[in-house]
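Peer 1: Take a look at this one; I'll ask things after.
The values are calculated or read from the model by the stated rules, or taken from the named source; none is laboratory data. Here the structure is a predicted model, which is why all the values come from computation and not from measurement. FYI the Cβ positions are ideal-geometry reconstructions off the backbone, even for glycines, and counts take in every protein chain you see. Note: areas computed on protein heavy atoms with side chains; ligands, DNA, RNA excluded. Shrake-Rupley method; radii C 1.70, N 1.55, O 1.52, S 1.80 Å.
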Amino acid sequence: MKEYGFLSFFFFLLTRTVADIDTFFNERNCDPECTFPSQNLTTKTMEQFPKNCSTVYSALLINEMCDLSEDQITSLFSNMKKLIGSLTVIGTNYTSGKFLAGLESIECGNDSEITFVDNNEMLELGLLNLSIINCKGFTVSGNKKLEKLNMPNVKNMTNPSDPMKKVDISISSDLPSFCISTHEMYNFMSIDTADNYFISGNYCEPILDNELCKEPTNGCTQLFGNIEIGTDFDLESIKSVETIFGNLVINGSDLTDLKCFENLKYVAELGMLKIGTSFSDKPAITIEGNKKLINFTFPKLRRIHSDASEIMSFKMNPFTFVNFTLCFEIRKSLDLRGLAPTFDGFSCEYHEIEANSIRAREMEMKVKNSASDPKCIYPEQNITKITMKLFPTECETVCADLRINQFCDLSEDQLASTFKNMKHLIGSLAVGNQEITSAKFLAGLESIDCLEKIQFLFNFEMKSLSMTNLSSVNCSEWEITRNYVSLERLDLPNLKTIAHPDGGQFRFFVIPDHPDFCVTTEEMLNWIKLDAVNLDEFYCPICEPKFTEQVCKKPAKGCTQIYGDMEIGPDSDPETMRFVEIIFGNLVIKGTELRDLSFLESLEYVVQRTNKPPLISIENNKNLVDVTFPKFRRVRSEDIVLLHFNHNNDILLTNSSQCYKVREAIGLTLRAPTFDNQTCEAIALNPKVLEETSTLAANRSEFPMVYPTTSAPPDAFETTVLPVTTEKNISGVKGSSVCFVILMSLIY
């Protein structure tokens, strides 16, 4: 019954997409001679199939109604190399999908995917030549006898609805011995747009050679099997390894850094570990009990995979958890899900809550010991018609842990009357009410000094905050999420002073749901100027401003702000950019004869206007030897590698000096910037060697090499973990055994 229920649901979804597929075909101007008009393939409809076409347009459905033999269907598809539409193979008795072996690419409609489900006799997919998938997803499940995939050539995957979205891959088999080859898994791991989270199975036993081996040796780039690094491990043997098909354990070692993994890009764990009579999945990476380990950088690590919920685990390392923000950086950099990574068994969120709780208790003590007027303390949390009588309505400064939530039975006018004299709030503020349309009832509020954070959650009808007089916030965080499709604007025009109670960074966490939501250029300019404001999770497009002589779409005399993407090419006049201070959009400098970036003498900020990476791309400028931005302070983008330098003068790759200067000047962390897809750390480890010429020598004299020191590593308990790797600390870091700061060098 469960199987038939699934099939019914599947066909329900299938009928919903038929109209979408037809629309997709119309938009593509499909060749009618190469279109298969019937979805179901049977002996009756096979005559309609365009068997002489190499490109076929079809929402192809091969199911239990298909009565063609494997030889017949193989002959029918013998000329098809490209399928445009969708592919569904479900409930058949075919032993293989090799009838599609000639297929090289599949391009789907926006909501369509490739599906192989409930084919109970199928032993392999056999998509031998498939190399390109442009579909929403690729699903293989419920095939009871499936032994292997046998699809070795998949090299490219894209999502047709959005190039930024990943292709959902779900691969599993009911057969315990089902296996995936190391070659197939490497393909899935190396395709950045492939979401390989739901790949389950075992590894097929590979054919070993000099590059793929079971024991690490010099020259071995792929390691098949689990590896544990201990006190007596030969670290030289691991330096060439790029991929581990198994798990990595670093346990009880004397390592102080992880630079021995200088080429490691992928760790992919498959299979289950038997413990007694039960099975358990294993983390991809476990780093445990390393008393001397100070920093945790894998210079080139890009992705990890495991079926374990605890996919990456740090345990009992004295300096593992210095700052919970580093935990979130690891998660973001490796695109981890759920609660990963864990530190001593706890998630990033747990450590964040603990840190905030400590701060809250400290602030509470400060409030209790302050000279606050007892008459201006609100003793309740929730505000209702009953508790409002206790609110100190005559006070300008109110101490309160204020909650305006589902228990609030006051109208917005009543709330406005209650709060009309309150200008300063000391405590906290949480607004979550399904009927409130704005927070105008707090329009008189000028400052908030927090015990905890500010929250605006589950306000289903709220269109704007409209706290128009709020000018100062001293809190750890402001979260504005899960307000569904109502919220269109923040409307916080005067918020210009923001601080964290402990002197750290204020986290502005905003995830809008309304398609037209945006923040004004004035708001963004106010906040990006503040170093104390962390905008990494501020996922907001920028509203189009009113254009003036200072705010314009294209650079001109007197223009200081540009709204829109800016490209500087060989025919551009750089002089028009000299007074521009901020760009709300992407910046591209391409194919010019520029030697340096001095013409951007006033540029301080670049803010992503829409989600269109990369934010800044500087490429193919063969004379460019100096990439110093004279006044550049900060960028805002949702792209991790937001600043790309590609194919410029090779002098930029000969040492890491300029890379670190850019990172330090703008306050970048993690992967940015990159030079020809290399991070600063990667360049420092492996600088490019050029043939010496007089021109090169002149360029080199301007930017001398950053050489490592030869001093011994500092004692573990005397070392400070730096939050950002900079040019100042790289020399000591590179020569000693102190590694770079956690995940600063992750690259593509």
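Peer 1: Please go through the range 440-463 and give me each residue that is touching a helix residue (DSSP H, G or I) at 6+ places or on another chain (Cβ under 9 Å) and open to solvent by less than 20 Å² (accessible area, probe 1.4 Å), ordered by number. Lay out the reasoning, then the answer.
Peer 2: Applying the first criterion (touching a helix residue (DSSP H, G or I) at 6+ places or on another chain (Cβ under 9 Å)) to the range 440-463 yields 440-444, 449-453.
Those that are touching a helix residue (DSSP H, G or I) at 6+ places or on another chain (Cβ under 9 Å) and open to solvent by less than 20 Å² (accessible area, probe 1.4 Å): PHE441, LEU442, CYS450.
Peer 1: Tally up the residues in the range 116-132 that are out of contact with any Gly (no Cβ under 8 Å at 6 or more places or on another chain) and either hydrophobic (A, V, I, L, M, F, W, C) or open to solvent by less than 10 Å² (accessible area, probe 1.4 Å) (or both), please.
Peer 2: Within the range 116-132, residues that are out of contact with any Gly (no Cβ under 8 Å at 6 or more places or on another chain) and either hydrophobic (A, V, I, L, M, F, W, C) or open to solvent by less than 10 Å² (accessible area, probe 1.4 Å) (or both) number 4.
Peer 1: Which one of LEU490, LEU525 is in the same structural domain as THR468 (by the TED database) and buried (at least 21 other Cβ atoms within 10 Å of the Cβ)?
Peer 2: On the way: LEU525 fails: buried (at least 21 other Cβ atoms within 10 Å of the Cβ).
The conditions single out LEU490.
Peer 1: Another question about this same structure. Given the structure, is LEU76 of a type outside the set (Lys, Arg) and in contact with a strand residue (DSSP E or B) (Cβ under 8 Å, 6 or more places away or on another chain)?
Peer 2: Numbers: of a type outside the set (Lys, Arg): yes; in contact with a strand residue (DSSP E or B) (Cβ under 8 Å, 6 or more places away or on another chain): no.
In short, no.
Peer 1: Right, something else. From the list GLN505, GLN550, GLN561, pick out the single residue that is within 22 Å of the chain's Cα centre (by Cα) and open to solvent by 30 Å² or more (accessible area, probe 1.4 Å). Reasoning before the result, please.
Peer 2: Values: GLN550 fails: within 22 Å of the chain's Cα centre (by Cα); GLN561 fails: within 22 Å of the chain's Cα centre (by Cα).
Being within 22 Å of the chain's Cα centre (by Cα) and open to solvent by 30 Å² or more (accessible area, probe 1.4 Å) holds for just one of GLN505, GLN550, GLN561, which is GLN505.
Peer 1: Please indicate, with yes or no, whether at least one residue in the range 388-404 is farther than 28 Å from GLU352 by Cβ and within 36 Å of the chain's Cα centre (by Cα). Explain how you work it out, then say what you get.
Peer 2: Of the range 388-404, the ones farther than 28 Å from GLU352 by Cβ are 388-397.
Those still in the list that are within 36 Å of the chain's Cα centre (by Cα) too: none.
The answer is no; no qualifying residue exists.
Peer 1: Please list, ordered by first then second residue, the pairs with beta carbon atoms under 9 Å, 6 or more apart or interchain, first in the range 30-46 and within 11 Å of TYR57 (Cα to Cα), second assigned to a loop (DSSP other than H, G, I, E, B) and of a type in the set (Ser, Thr, Tyr).
Peer 2: CYS34/SER54; PHE36/THR45; PRO37/THR45; SER38/THR45; GLN39/THR45
Peer 1: A follow-up question, please. VAL154 - would you say it is assigned to a loop (DSSP other than H, G, I, E, B), assigned by the TED database to the domain that holds CYS179 and not aromatic (Phe, Trp, Tyr)? Walk me through how you get there before you give the answer.
Peer 2: Details: assigned to a loop (DSSP other than H, G, I, E, B): yes; assigned by the TED database to the domain that holds CYS179: yes; not aromatic (Phe, Trp, Tyr): yes.
Criteria met by VAL154.
Peer 1: OK, next. Could you list, ordered by first residue, the pairs with Cβ atoms under 7 Å in which the first is in the range 120-140 and more than 14 Å from ASP195 (Cα to Cα) and without any contact (Cβ under 8 Å) to a residue 60 or more places away in the chain and the second is part of a loop (DSSP other than H, G, I, E, B) and β-branched (Val, Ile, Thr), at least 6 apart or interchain?
Peer 2: What qualifies is GLU121/THR95; MET122/THR95; LEU123/THR95; LEU130/VAL154; SER131/VAL154.
Peer 1: Does any residue of the range 607-624 turn out to be aliphatic (A, V, I, L, M), surrounded by 20 or more Cβ atoms within 10 Å (Cβ to Cβ), over 20 Å from SER657 (Cα atoms) and touching a Phe, Trp or Tyr at 6+ places or on another chain (Cβ under 7 Å)? Let's see the steps before the verdict.
Peer 2: Taking the range 607-624 and keeping what is aliphatic (A, V, I, L, M), we get 607, 615-616, 618, 624.
Still in the running and surrounded by 20 or more Cβ atoms within 10 Å (Cβ to Cβ): 607, 615-616, 618, 624.
This time we only want the ones that are over 20 Å from SER657 (Cα atoms), so: 607, 615.
Checking which are touching a Phe, Trp or Tyr at 6+ places or on another chain (Cβ under 7 Å) leaves us with 607.
For the range 607-624, residues aliphatic (A, V, I, L, M), surrounded by 20 or more Cβ atoms within 10 Å (Cβ to Cβ), over 20 Å from SER657 (Cα atoms) and touching a Phe, Trp or Tyr at 6+ places or on another chain (Cβ under 7 Å): present.
Peer 1: Those residues that are in a strand (DSSP E or B) and either among the polar types (S, T, N, Q) or over 31 Å from the mean Cα position of the chain (by Cα) (or both), I need them from the range 598-623; list them, please. Break it down stepwise before answering.
Peer 2: Taking the range 598-623 and keeping what is in a strand (DSSP E or B), we get 605-607, 616-619.
SER617, the sole residue that qualifies.
Peer 1: Against the conditions (1) at pLDDT 95 or above; (2) in contact with a strand residue (DSSP E or B) (Cβ under 8 Å, 6 or more places away or on another chain); (3) part of a loop (DSSP other than H, G, I, E, B), where does PHE116 fall short? Just the number, please.
Peer 2: With (1) at pLDDT 95 or above; (2) in contact with a strand residue (DSSP E or B) (Cβ under 8 Å, 6 or more places away or on another chain); (3) part of a loop (DSSP other than H, G, I, E, B) applied to PHE116, the lone miss is (3).
Peer 1: Then there is this: Which condition from (1) closer than 23 Å to GLU601 by Cβ; (2) among the β-branched types (Val, Ile, Thr); (3) modelled with pLDDT under 85 is the one that THR710 breaks?
Peer 2: Of everything listed in (1) closer than 23 Å to GLU601 by Cβ; (2) among the β-branched types (Val, Ile, Thr); (3) modelled with pLDDT under 85, THR710 misses just condition (1).
Peer 1: With the range 521-597 as the region, which strands (runs of 3 or more DSSP E) entirely inside it contain at least 2 residues that are without any contact (Cβ under 8 Å) to a residue 24 or more places away in the chain?
Peer 2: Numbers: elements: 561-563, 566-568, 582-584, 587-590.
Counting at least 2 such residues, we get 566-568.
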